[in-house]
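Novice: Below: one structure in structure tokens.
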Amino acid sequence: MRERNEPLAGFTVGVTAARRAEEFGALLERRGAAVLHAPALRTVPLADDTELRAATRDVIRSAPDVVVATTAVGFRGWTEAAEGWGLGDRLSAALRGAELLARGPKVRGAVRAAGLTETWSPASESLDEVLDRLLAEGVRGRRIALQLHGEPVPGFIEPLRAAGAEVVPVPVYRWTDPEDIAPLDRLLDTTLVRGLDALTFTSAPAATSLLGRARRRGLLPELLGALREDVLVACVGPVTARPLQALGVDPVQPERFRLAPLVQLLCHELPARKPVLTVDAHRVQIRGHAVIVDDEPRRVPPAPMALLHALARRPGRVVSRTELLRTLPGGGTDEHAVETAVARLRTALGAPGLVRTVVKRGYRLALDGVTGAGPGDS
């Protein structure tokens, strides 16, 4: 691998998004990442969604005092679906008479494109700020229509109901399991063996779906262990992060809840998690499936990479052939496999002196400033 040293070169990123996955994956790949994509859910077509139609008729029949629009695609989809059912004008009339709160600038654009005008929009683009405003105004006896985007929002709905509001959830874009579950299972299995450097989520339902699949397979404790300790979890925003935080996983989040800032966050966080070592007078950074040697990315095959990770866990110290053999994929009992993997590793790194042979003892990473390898070091 002799391409330019992009910030994500050598890292593998898992993408669970169903919508805009191609765009997201392209942004990651342009910065050097290998992308493993598995949609964690699929959408129920709006035209066939009986729950959305019923909620729309409910809003028309008894117009709300307040409407909360949470996502641009969801609000736009709701009005377009109503138009297709012959309910567009009646829905617009019901919404026009309400206090219309738009969660962010993209939602404001969708509201105005529908011929409506928002009453207010929070600077933070946060539903928490919307909730604070409503509770400060007082909601007792008020009817509030909440445009959902795939799942209920208990942290929003329950405080309003406790304060005396009637909340009407509008379930735009309901999600369910993907038709083909195999890619999601492969993503889950790859996460468990630490084959990913980062796992990304752009919606709370995707996070809930992956966690649910792991639970059904009896793998939830193992998944949570991987996400808490070894695999960086990145979410597009706080709503997306909540199902993971509820189980003790602490995702990183960009300040702006968009795909591009999420990619930039990964470009900073992933390299920062990998120390730069000085090995045999070379600057070396060991990443997921590649090594950066003096700012040049070098791709390393899986077996030599597994061996290198084992050496890096004890930098500068001797690791025996027997111990290294246990780290190689596929197992086996022939220590000659270790010699073969070391030879391939040295070739891939382009600097044979990075891995030293310690005669009759094993191998070590030639970390500068570490002594005591003993006789036979070569």
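Novice: Only one residue in Pro261, Pro243 is in contact with a helix residue (DSSP H, G or I) (Cβ under 7 Å, 6 or more places away or on another chain) and either over 30 Å from Thr340 (Cα atoms) or of a type in the set (S, T, N, Q) (or both), so which one is that?
Specialist: Being in contact with a helix residue (DSSP H, G or I) (Cβ under 7 Å, 6 or more places away or on another chain) and either over 30 Å from Thr340 (Cα atoms) or of a type in the set (S, T, N, Q) (or both) holds for just one of Pro261, Pro243, which is Pro243.
Novice: Working carefully through the options Arg194, Arg213, find the one that is of a type in the set (Lys, Arg), at pLDDT 95 or above and touching a helix residue (DSSP H, G or I) at 6+ places or on another chain (Cβ under 7 Å).
Specialist: Only one candidate passes the filter, namely Arg213.
Novice: Being open to solvent by 40 Å² or more (accessible area, probe 1.4 Å) and at pLDDT 90 or above is the filter; apply it to region 338-358 and report the residue that is nearest to Asp294 (Cα to Cα).
Specialist: Filtering first and then ranking leaves Gly350.
Novice: Could you list all residues from region 173-218 that are part of a helix (DSSP H, G or I), β-branched (Val, Ile, Thr) and in contact with a strand residue (DSSP E or B) (Cβ under 8 Å, 6 or more places away or on another chain)?
Specialist: The answer is Thr190, Thr191.
Novice: Within region 227-243, track down each residue that is surrounded by 15 or more Cβ atoms within 10 Å (Cβ to Cβ), part of a helix (DSSP H, G or I) and either out of contact with any strand residue (DSSP E or B) (no Cβ under 6 Å at 6 or more places or on another chain) or modelled with pLDDT of 95 or more (or both).
Specialist: Leu227, Pro238, Val239, Arg242, Pro243
Novice: Would you mention how many residues in region 148-166 are at pLDDT 95 or above and crowded, with 20+ Cβ neighbours inside 10 Å?
Specialist: Here the count works out to 2.
Novice: Can I ask one more? Out of (1) in contact (Cβ under 8 Å) with a residue 24 or more places away in the chain; (2) within 20 Å of Arg142 (Cβ to Cβ); (3) of a type outside the set (S, T, N, Q), the odd one out for Glu129 is which?
Specialist: Against the list (1) in contact (Cβ under 8 Å) with a residue 24 or more places away in the chain; (2) within 20 Å of Arg142 (Cβ to Cβ); (3) of a type outside the set (S, T, N, Q), Glu129 comes up short only on (1).
Novice: Moving on to the next point. Please list, ordered by first then second residue, the pairs with beta carbon atoms under 6 Å, 6 or more apart or interchain, first in region 221-235 and over 18 Å from Thr12 (Cβ atoms), second β-branched (Val, Ile, Thr) and surrounded by 14 or more Cβ atoms within 10 Å (Cβ to Cβ).
Specialist: Correct list of pairs: Arg228/Val249.
Novice: Moving on. Residue by residue through region 244-269, note down the ones that are in a helix (DSSP H, G or I), in contact with a strand residue (DSSP E or B) (Cβ under 8 Å, 6 or more places away or on another chain) and either charged (D, E, K, R) or modelled with pLDDT under 95 (or both).
Specialist: Matches in region 244-269: Glu269 only.
Novice: Every residue in region 109-143 that is within 26 Å of the chain's Cα centre (by Cα), open to solvent by 30 Å² or more (accessible area, probe 1.4 Å) and under 14 Å from Val68 (Cα atoms), please.
Specialist: Result: Glu125, Asp128, Glu129.
Novice: Take region 183-226 and flag every residue that is of a type in the set (A, V, I, L, M, F, W, C), closer than 21 Å to Pro271 by Cα and open to solvent by less than 10 Å² (accessible area, probe 1.4 Å).
Specialist: Selection gives Leu196, Ala198, Leu199, Phe201, Ala226.
Novice: For region 271-299, give me the residue count where each residue is open to solvent by 20 Å² or more (accessible area, probe 1.4 Å) and farther than 16 Å from Pro315 by Cα.
Specialist: Residues flagged as open to solvent by 20 Å² or more (accessible area, probe 1.4 Å) and farther than 16 Å from Pro315 by Cα within region 271-299 amount to 10.
Novice: Next question, about the same structure. Please list, ordered by residue number, the helices (runs of 4 or more DSSP H) wholly in region 24-116 having 2 or more residues that are touching a Lys or Arg at 6+ places or on another chain (Cβ under 9 Å), modelled with pLDDT under 95 and within 29 Å of Leu199 (Cβ to Cβ).
Specialist: By residue number, 72-84.
Novice: So, one more: Take the conditions touching a strand residue (DSSP E or B) at 6+ places or on another chain (Cβ under 8 Å) and either open to solvent by 10 Å² or more (accessible area, probe 1.4 Å) or without any contact (Cβ under 8 Å) to a residue 40 or more places away in the chain (or both) and apply them to Pro169. Does it pass?
Specialist: Against the criterion (touching a strand residue (DSSP E or B) at 6+ places or on another chain (Cβ under 8 Å) and either open to solvent by 10 Å² or more (accessible area, probe 1.4 Å) or without any contact (Cβ under 8 Å) to a residue 40 or more places away in the chain (or both)), Pro169 qualifies.
The values are calculated or read from the model by the stated rules, or taken from the named source; none is laboratory data. Nothing here was measured: the structure is a model prediction, and the numbers come from that model. Don't worry about glycine lacking a Cβ; one is built from the backbone with ideal geometry, like all the others, and counts go over all protein chains shown. Surface areas here come from the heavy atoms of the whole protein model, side chains and all, with no ligands, DNA or RNA. Shrake-Rupley method; radii C 1.70, N 1.55, O 1.52, S 1.80 Å.
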